[in-house]
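To start, the structure under review is shown below, and the notes come after it.
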Amino acid sequence: MGLIERVYDFAVQNKCEALKNAPMSDYTSFKIGGPADIILMPDNAEIMRKIIVFCNNEEIKPFILGNGSNLLVSDEGIKGVVIYTGKLTSVKLTGDLTINCDAGVSLSRLCNFALENSLTGLEFAFGIPGSAGGAAYMNAGAYGGEMKDVIVSCTHITPQGKIENVKASSLGFGYRKSVYSDNGCVIISIDVSLMLGCKQKIKSEMVDIIEKRRSKQPLEYPSAGSVFKRPEGYYAGALIEQCGLKGRSVGGAQLSEKHAGFIVNRGGATCEDVKRLIEIIKENVYNRFGVMLETEIKMV
Ligand code: FAD
């Protein structure tokens, strides 16, 4: 039996949903990406752990998929196993000011849960279209806040199948990065600590932030958010705009006319279109300003 068949059988035996040859374009905010050999969708931590142990025994390195909002997936798709976290969906209070949130919960749902409980500190994250796990992995941030400001610990599964709860101080949070880029662990939940606030104020801050996003970002088209990290001392969008590149297209990929930090899929864009456009942007910015832009989106 081939590897994918063995993985599929294992999933069926463990009552885990599994999809073969699923188009990754259905699982990414960019709407780009060829088929994944198999996507497993565990709905609890124990099945997730079994899958990880199985993969480790089979010497497979699975790709962990959150909400797919920071990904550029190849047109050839993903060979091997993808594990989708979106079915890990519990969010609960663990104290007056603390929340435990499964990796697959959307940041917007987590923010709304904080609001319902009059807890302040997460407003910055409202509208970031990621999952809690993906946001911890990326140390997502906006409007002066970052996940590292609120996360007190993450619970993860090591590639060997050990469940560990690790304090934030050991998670190597930096600008759009954490230890998870290198350690192969899968985040299954995060613990956040917030402060008691005024519901009305929290709500109006969230509304404000969404309005800012709507006015500045091209939310009407599929994208993966800001393509480039902020280079030290500059803003990527401003450098790109000064190169006169806004609106530049390759195939169906276009550098947004609204926000020069975003590449949007105007319809039928391929991964190759986006990569070519990224190269053009990097080349122009480097030639004009001597600044080498680094991508924030993850290429898979
Ligand atoms: P994915 O895109 O699915 O994955 C990202 C990386 O995390 C991958 O390497 C993946 O393997 C890994 N990963 C995901 N979940 C886990 C897990 N449970 N365990 C281990 N590894 C995991 N980002 C910001 O920081 N600030 C913004 O303001 C912002 N605005 C955006 C606006 C738009 C319109 C879009 C489309 C994107 C924006 N982003 C922003 C980017 C994106 O939403 C964030 O990076 C988000 O945190 C990614 O989460 P995700 O669940 O979608 O992760």
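Read-outs: derived from the displayed coordinates by stated rules, not from any lab. Here the structure is a predicted model, which means the values were calculated and not measured. As a convention, Cβ positions derive from the backbone with ideal geometry for all residues, glycine included, and neighbour counts pool all protein chains shown.
Looking at segment 139-199, the pairs of alpha carbons with a distance over 13 Å make up 64% of the total.
In segment 94-187, a dipole from Cβ-located charges (positive for Lys and Arg, negative for Asp and Glu) runs towards its positive end, and of Gln160, Gly121, Met138 it is Gln160 whose Cα lies farthest in that direction. Histogrammed with a bin width of 5 Å, the alpha carbon distances of segment 29-81 distribute as 5, 18, 25, 25, 15, 11, 1 percent, first bin at zero. Directionally averaged projected area (the chain, Cα convex hull): 15.6 nm². For segment 120-186, a crude dipole built from +1 on the beta carbon of Lys and Arg and -1 on the beta carbon of Asp and Glu, taken about the Cα centre, is about 140 debye to the nearest 20. When only alpha carbons of segment 5-126 are considered, Rg and Dmax amount to 16.3, 48 Å.
Taking Rh as the Kirkwood radius computed over C-alpha pairs, what is the Stokes-Einstein D of segment 227-300 at 4 °C in a medium of viscosity 1.567 mPa s, expressed in µm² per second? So the translational diffusion coefficient is about 107 µm²/s. Taking the empirical scaling 2.2 N^0.38 Å for compact globular proteins as reference, segment 152-300 has a Cα radius of gyration ratio of 1.28. At q = 0.13, 0.19, 0.24, 0.31 Å⁻¹ the log10 of I(q)/I(0) for segment 210-256 amounts to -0.34, -0.73, -1.09, -1.25, computed by Debye summation with a single uniform scatterer per C-alpha, solvent ignored. Rounded to the nearest 500, the 222 nm mean residue ellipticity of the chain from helices alone is -9000 deg cm²/dmol, with -39,500 (n - 2.57) taken per DSSP H run of at least 4 residues.
Highest mean first, the peptides 134-144, 205-215 sorted by other C-beta atoms within 10 Å per residue fall in the order 134-144, 205-215. Here's the picture: a label point sits 7 Å out from the Cα of Glu294 along the beta-carbon direction, and within segment 236-271 the residues with their amide nitrogen under 20 Å of it are 236-240, 261-263.
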